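A.B. asks: The structure follows.
The values are calculated or read from the model by the stated rules, or taken from the named source; none is laboratory data. If you're wondering where the values come from, they're calculated on a predicted model, not measured in any experiment. Using ideal geometry, Cβ is built from the backbone for each residue, glycine included, and neighbour counts are taken over all protein chains shown.
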Ligand SMILES: *Cc1c(COP(=O)(O)O)cnc(C)c1O
């Protein structure tokens with residue numbers, strides 16, 4: 001009997017003793033909901049990102065997107081320009097506000113929103129442009145902000161992949177209109193589940209602080225100190241989207257470990273780049289790692305070889321992924337729009353394992369299989 005090979009996961013959580021102790025501490029203190037741990041996590045995130053940003057933590061990245069969009073004041077009849085090539089969460093968050101996602105194509109080099117395609121799709125109903133930092137790259141984000149200025153749009157960045165990345169010398173979020181992060185189990189850092197909205201706009205931040213707690217005005221400030229509001233007003237639709245102390249306790253430890261995770265991710269990505277960039281039949285994204293801390297590592301393989309590689313990896317117990325099925329192909333969001341680049345990429349994409357616990361030997365095996373099977 002051969003030995004059972006360990007499964008190499010495409011993504012995974014990395015949790016240690018410190019996270020376990022931090023959760024135990026919250027449980028022992030007995031205040032599990034939103035309280036001081038969330039307040040401290042928000043302050044630490046704000047310090048980490050810099051530029052005095054407001055940070056509002058919620059229970060998922062999807063919820064963070066939804067309240068961020070709501071806080072920008074959109075609703076039925078409004079349109080949001082968004083790349084089709086994103087996790088379904090982005091589209092669901094838009095449609096949850098009543099607004100319509102307008103699916104845009106992506107640039108083939110970076111898989112980020114194709115500005116010219118977005119420009120063609122702008123109507124008088126467009127209110128927001130929502131770039132997605134695919135595989136942690138920002139693409140030409142400056143062009144997104146230029147377009148937004150010219151057409152009077154708010155910018156909500158789906159930065160779920162890009163926590164801790166640097167853009168124009170600052171952390172992603174530091175210079176954003178609004179940026180949204182996810183701390184789900186497999187992202188650059190995790191709080192179990194969780195998400196955050198980062199903004200320099202005080203009205204937007206205030207709206208989100210209330211909206212995450214059923215719209216109760218100024219309840220966040222009370223909860224941070226273990227109190228509640230008994231006499232209050234509500235002026236906006238709200239939700240139960242707040243983060244719990246249990247989640248924040250995990251997130252606070254993970255934030256301290258960011259550099260450790262980042263260097264492991266960057267090292268793996270650079271090695272993949274070095275080994276695969278000259279391999280004919282394989283195309284990589286144009287991303288410079290270092291400032292960019294990759295959440296996933298997609299490669300592109302033409303001519304049915306993608307599935308050959310995928311199957312060969314699986315035989316060796318190595319998982320891979322498809323990020324993502326384009327949203328404009330889903331029944332809920334189907335229109336007559338045709339996005340040639342996105343549809344081509346969908347046939348070619350394969351995400352190979354990248355997380356801090358992929359070993360050198362495992363990575364060498366992955367590279368060897370790809371090189372052998374694309375021939
Ligand atoms: C993970 C992710 C989200 C949503 O985050 P959750 O915390 O899982 O709700 C949104 N957009 C993208 C691109 C993501 O990868």
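A.B. asks: Of the residues 192, 215, 185, which single one is surrounded by fewer than 20 Cβ atoms within 10 Å (Cβ to Cβ), modelled with pLDDT of 95 or more and within 16 Å of the ligand (Cβ to nearest atom)? Working first, answer last.
C.D. replies: Details: 192 fails: surrounded by fewer than 20 Cβ atoms within 10 Å (Cβ to Cβ); 215 fails: within 16 Å of the ligand (Cβ to nearest atom).
Step by step, each of 192, 215, 185 is checked, and only 185 is surrounded by fewer than 20 Cβ atoms within 10 Å (Cβ to Cβ), modelled with pLDDT of 95 or more and within 16 Å of the ligand (Cβ to nearest atom).
A.B. asks: For residue 61, all conditions in the list (1) over 15 Å from residue 247 (Cα atoms); (2) modelled with pLDDT of 95 or more hold save one; what is the number of the exception?
C.D. replies: (1)
A.B. asks: If you don't mind, there's one more thing I want to ask. Within region 142-161, track down each residue that is within 9 Å of the ligand (Cβ to nearest atom) and either surrounded by fewer than 19 Cβ atoms within 10 Å (Cβ to Cβ) or part of a loop (DSSP other than H, G, I, E, B) (or both). Break it down stepwise before answering.
C.D. replies: As a first pass, look at region 142-161 and keep what is within 9 Å of the ligand (Cβ to nearest atom): 158-161.
Once the filter is applied, which keeps residues that are within 9 Å of the ligand (Cβ to nearest atom) and either surrounded by fewer than 19 Cβ atoms within 10 Å (Cβ to Cβ) or part of a loop (DSSP other than H, G, I, E, B) (or both), region 142-161 yields 159, 160, 161.
A.B. asks: Name every residue in region 129-141 that is buried (at least 24 other Cβ atoms within 10 Å of the Cβ) and more than 15 Å from the ligand (Cβ to nearest atom), in order of residue number.
C.D. replies: Scanning region 129-141 gives a single hit, 129.
A.B. asks: Residue under question is residue 10, and the condition is that it be farther than 25 Å from residue 130 by Cα and touching a strand residue (DSSP E or B) at 6+ places or on another chain (Cβ under 7 Å); does it hold?
C.D. replies: yes
A.B. asks: Any chance you could count how many residues in region 183-230 are under 19 Å from residue 33 (Cβ atoms) and in a loop (DSSP other than H, G, I, E, B)?
C.D. replies: Residues in region 183-230 being under 19 Å from residue 33 (Cβ atoms) and in a loop (DSSP other than H, G, I, E, B): 16 in total.
A.B. asks: Exactly one of (1) under 22 Å from the mean Cα position of the chain (by Cα); (2) touching a residue at least 24 places away in the same chain (Cβ under 8 Å); (3) surrounded by 15 or more Cβ atoms within 10 Å (Cβ to Cβ); (4) over 18 Å from residue 12 (Cβ atoms) is unmet by residue 284. Its number?
C.D. replies: (2)
A.B. asks: How many residues are over 11 Å from residue 245 (Cα atoms) and either under 26 Å from the mean Cα position of the chain (by Cα) or touching a residue at least 60 places away in the same chain (Cβ under 8 Å) (or both) if we restrict to region 18-43?
C.D. replies: 5
A.B. asks: Report, by residue number, each residue of region 46-68 that is within 15 Å of the ligand (Cβ to nearest atom), out of contact with any helix residue (DSSP H, G or I) (no Cβ under 6 Å at 6 or more places or on another chain) and not in a loop (DSSP other than H, G, I, E, B).
C.D. replies: Listed by number, the residues that qualify are 61, 63, 64, 68.
A.B. asks: Moving on. Check region 11-26 and report whether any residue there is surrounded by 22 or more Cβ atoms within 10 Å (Cβ to Cβ), within 16 Å of the ligand (Cβ to nearest atom), modelled with pLDDT of 95 or more and within 23 Å of residue 165 (Cβ to Cβ).
C.D. replies: Looking for residues that are surrounded by 22 or more Cβ atoms within 10 Å (Cβ to Cβ), within 16 Å of the ligand (Cβ to nearest atom), modelled with pLDDT of 95 or more and within 23 Å of residue 165 (Cβ to Cβ), one finds none in region 11-26, hence no.
A.B. asks: List the helices (runs of 4 or more DSSP H) that sit entirely inside region 263-375 and contain at least 1 residues that are closer than 17 Å to residue 85 by Cα. Spell out the reasoning first.
C.D. replies: Details: elements: 305-315, 340-348, 360-374.
Here the list reads 340-348.
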